[in-house]
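Here's the structure, in structure tokens; my notes come after.
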Amino acid sequence: MMLRVSTLNDVTATVCNFEGRAYLGDCLRALQGQTAPPARIVVYDNASRDDSVAYVRAEFPEVEVVPMGSNLGPGAPRNRGLDEAATTYVLQVDSDVILAPDCLERLHAEAEESAAAVVMPRALFDGDRARVHYDGGFLHYCGIMTLRNFFGPAPAQPEGALDVDAVVAMALLLRRDAVRAAGGYDLDYFILFEDHDLSYRLRARGERLRLLPAAHVFHREGTAGISYREGPAYPARRAFLHSRNRWRLLLRNHSFAALLLGLPGLLAYELVWFGFALAKGLLKPWFDGKREVLRQLPALFRQRRELQRARKVGDSVLLSARPLTHAPMVRQGLFARFVERALDAWLRGWWWLVRPLLP
């Protein structure tokens, strides 16, 4: 049973908001109503045009509000929150997330016990709280985060905390010094893969990432123009970001050995996603993403030299070929499910062959 009821003076809560006026009230009331609330709550607003800032100032005068001035993606307010906090931990929450009353208390206890750099709660759909949205994940050698229990029913049996290799940034308790030492979020992703990139860099530096399934948050609609959930259409903006950011992540982070040995798998995945883009009328954003990666190549190779120098854990440990995870709207139809299974089989088989060759 959770007994602590006092304020956690070593935790600052930061809320990343963009056009989240409809969600902010529930998000902030849940933060204030924690069994062990944070010492401070700060809303960082990414130039919302929906009166979010005025609403918070009027309805939650005890909550600090920082207008960012422009929208550089969620990484900018998250990094600024890390820089401006004076506490050991920073609880980062997106404005479309509602914490269960004991969530922060549980996360904090796990962080103290495990000394992990990040502890993530289990995220359930707010509209269906028996179904998992995000539950931690792992780093696929194709540059994809494979997710536990994605879109599936919440496990019936209680689960203890466990190590994971990837976390989803909509709700995280971060050990501030460890995340800042790893460089925080890379703003050039804008959104999508920015938490995958941070997860990889932390793990490569030897840090632990933990999932605490007993700590719950409830996730609402997501970011307009990016989130797709059940469909009906895959957003063009998301197609561009996926096309660009996956290769950005690969070229920045994965060792040259992993890139070379994994190349047949990387190309097979790319071929399938090219076919998906063709079928959905998304070839232009797919090509635009690739063109942007080529433009960024000089900067990416400069960045990777620094990141590789900080590496303590190799890709033979970090990377896997666990089954890919896609939202239901991506894998609709018998043909799509056949392609998914065939791709998985090829990726697993190839990785089984080449993984022993990684240094």
With every protein chain in place, the chain: carbon and sulfur % of accessible area (1.4 Å) = 58
request  = Would you please give the residues with an amide H less than 5 Å from that of R40, counting only those at least 5 places away or on a separate chain, with H modeled from the backbone geometry?
outcome  = A13
remark   = In degrees rounded to 10, the 0-90 angle between helix 21-32 Cα long axis and the longest Cα principal axis of the chain is 60
message = Tell me the angle of helix 236-253 to the major Cα principal axis of the chain, expressed in degrees between 0 and 90 and rounded to the nearest ten.
response = 80
request  = Can you work out the accessible area per residue across the chain, with the rest of the protein chains kept in place, probe 1.4 Å, in square angstrom?
outcome  = 43
query = With every protein chain left in place, what is the accessible area of F256 in Å² (1.4 Å probe, nearest 10)?
reply = 130
request  = Return the calculated 222 nm mean residue ellipticity for the chain, to the nearest 500 deg cm²/dmol, obtained by summing -39500 (n - 2.57) across DSSP H runs with n ≥ 4 and dividing by the residue count.
outcome  = -13500 deg cm²/dmol
ask   = Roughly how tilted is helix 75-84, in degrees to the nearest 10 and between 0 and 90, from the longest Cα axis of the chain?
value = 40
For R131, distant residues with modelled amide H under 5 Å away = F125, A154
ask   = When the dipole is taken about the Cα centre of region 1-115, and only Lys, Arg (+1) and Asp, Glu (-1) are charged at their Cβ, what size is it in debye, to the nearest 20?
value = 140
message = Using alpha carbons only, how many angstrom separate the centre of region 21-80 from the centre of region 279-357?
response = 34
query = Using Cα-only point scatterers and the Debye equation, what is log10 of I(q)/I(0) for region 19-159 at each q in 0.11, 0.16, 0.18 Å⁻¹, rounded to two decimals?
reply = -0.48, -1.02, -1.25
In order through region 309-316: 3J(HN,Hα) via Karplus (6.51 cos²θ - 1.76 cosθ + 1.60), integer Hz, x for Gly, Pro = 5, 8, 5, 10, 10, x, 5, 5
inquiry  = Can you list residues from other chains, or at least 5 along the same chain, whose modelled amide H is less than 5 Å from the amide H of S320?
reply    = L139, H140, Y141
task = Which order do the peptides 301-313, 180-192 take when ranked by the mean count of other beta-carbon atoms within 10 Å per residue, highest first?
result = 180-192, 301-313
Under Karplus coefficients 6.51, -1.76 and 1.60, residue-wise ³J(HN,Hα) of region 205-211 in Hz, glycine/proline x = 7, x, 7, 9, 10, 10, 10
key: Charge dipole (debye, nearest 20) of the chain; +1 at Cβ of Lys and Arg, -1 at Cβ of Asp and Glu   = 1460
inquiry  = Can you compute 3J(HN,Hα) from phi for each residue in region 98-104, using the Karplus curve 6.51 cos²θ - 1.76 cosθ + 1.60 with θ = phi - 60°, rounded to whole Hz and x for Gly and Pro?
reply    = 10, 7, 4, x, 9, 4, 5
A345-A22 FRET efficiency (beta carbon distance; Förster radius 35 Å; 0.05 resolution) = 0.20
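The values are calculated or read from the model by the stated rules, or taken from the named source; none is laboratory data. Predicted model only: the values in this text are computed from it and were never measured. Heads up, the Cβs are rebuilt from the backbone with ideal geometry, glycines too, and the neighbour counts pull from every protein chain shown. Quick note on the areas: whole protein, heavy atoms, side chains included, nothing else; ligands and nucleic acids left out. Shrake-Rupley method; radii C 1.70, N 1.55, O 1.52, S 1.80 Å.
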